[in-house]
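Here's the structure, in C-alpha cells; my notes come after.
The values are calculated or read from the model by the stated rules, or taken from the named source; none is laboratory data. This one's a predicted model, so the numbers in the text were calculated from it and none came from an experiment. Here the Cβ is made from the backbone with ideal geometry for all residues, glycine too, and neighbour counts use every protein chain on show.
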Amino acid sequence: MGALRSCFTRTQTWLQAGKYVNALASELPSRNGWSIAEHCGDRSPDCAQRLLNRASRDETAAMSQVRKHAAAGLDGAVRRCGRKRMAVGALDETGQEKQGSCTAGVKRQYMGCAGRVANGINTVHLSYVRERTGHALIGARQWIPQEQVKDPVKSLVTGLPLDLRFRTKGQLAIDVLTDAYADGLAFDFICGDEVYGSCTELREFLEQRGQAYVLRIASSFMVTLATRGQDDLRGRGEDAAEGQGPPLGGPLSWPGV
C-alpha cells in the first residue's frame, strides 16, 4: 500500500484503504459490510462505506500503480525461469448480481455468474497473462447502459457524472488497453470473445498499433481474405473457418511472432 499513498488526499483515508484491502484479501468466510468492519477493527461499516462512497482518491493513479506492480511481478517470474514466454492481454466482462435500482449500471440482463437473465451490473476487465506463469487483472471499466447515461434523473440518483458519455464494451476495452499501453505494458496477443471481435473500432485500434490479436467473431460475420494472385475473397466467417472457397495460396503466418 505504500506505493498508493500519493493517490489519497488524507493519511487517514489511505490507512482505512489498507485495512479494507487486507480484509478483502483475508480468508473471511463471508465478506460484507459488517464482517469487513469487524476484521478492520471498526465499530460499524460506516468507515468502509465512507471510503467507497465519498473519500477523495485518485482511482486512475491507483489503478496504474496496481497494474505496474502486477505486471512487474509476473515479468520477474518469467525472467527467473529463464525462458521466453508469451504475454497475452485477455479481454472479458464479468457480471455481478445486484438487487434494487439505485446502483450505477444495474439492469436486468444476462448474467454469466447466474447463468440466466437477472438484475446486475457488467464490468469489462483486462487480464495480463504470462504463459505457464500466472495472470492478474490489470484494468477495468464498468459498462453503463445507454438509457441510464441519457436520463439525467437516473444519473443523479445513481451518482453518475452528468457529462458521462455512453461507451460500448468494445470501446471500454479500448480505454483499458490505452491505459495499459501508457504504463509501458506490451502484449504478444490480445484475445477476446465475439463481444470484442464485433467491435470494428477496437479492431482498427489494435491494427493501427500493429498489435496482433485473436478475437472471436460470430459465424455470420463477413470477412475478407487476401489471396495471392487473385481477387480478395469475401464471405461468412463460418465458411472461412470450414475452408470453403479457393485456397489462400499458402500457410497463414503472424509477422514477428
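Filtered by the rule that a residue be farther than 28 Å from ALA70 by Cα and of a type in the set (A, V, I, L, M), the range 112-146 gives ALA114, VAL117, ALA118. Applying the criterion of being part of a helix (DSSP H, G or I) and touching a strand residue (DSSP E or B) at 6+ places or on another chain (Cβ under 9 Å) to the residues of the range 121-163, the residue that is surrounded by the fewest Cβ atoms within 10 Å (Cβ to Cβ) is GLU147. Residues in the range 9-32 include at least one that is over 23 Å from ALA140 (Cα atoms) and of a type in the set (Asp, Glu).
None of LEU185, LEU206, LEU202 is assigned by TED's automatic domain parsing to the domain that holds GLN65, under 30 Å from ARG130 (Cα atoms), among the hydrophobic types (A, V, I, L, M, F, W, C) and at pLDDT 95 or above except LEU185.
Looking only at the range 141-179, residues that are under 30 Å from GLY210 (Cα atoms) and either in contact with a Lys or Arg (Cβ under 8 Å, 6 or more places away or on another chain) or touching a residue at least 40 places away in the same chain (Cβ under 8 Å) (or both) come to 12 in all.
Only residues that are over 19 Å from TRP143 (Cβ atoms) and not in a helix (DSSP H, G or I) were counted in the range 192-211, giving 3. Restricted to the range 73-91, and to residues there that are within 14 Å of the chain's Cα centre (by Cα) and closer than 17 Å to GLY134 by Cβ, the residue that is surrounded by the most Cβ atoms within 10 Å (Cβ to Cβ) is GLY89. When ARG79, ARG43 are checked against the criterion of being among the basic types (Lys, Arg) and in the same structural domain as THR158 (by TED's automatic domain parsing), a single residue qualifies: ARG79.
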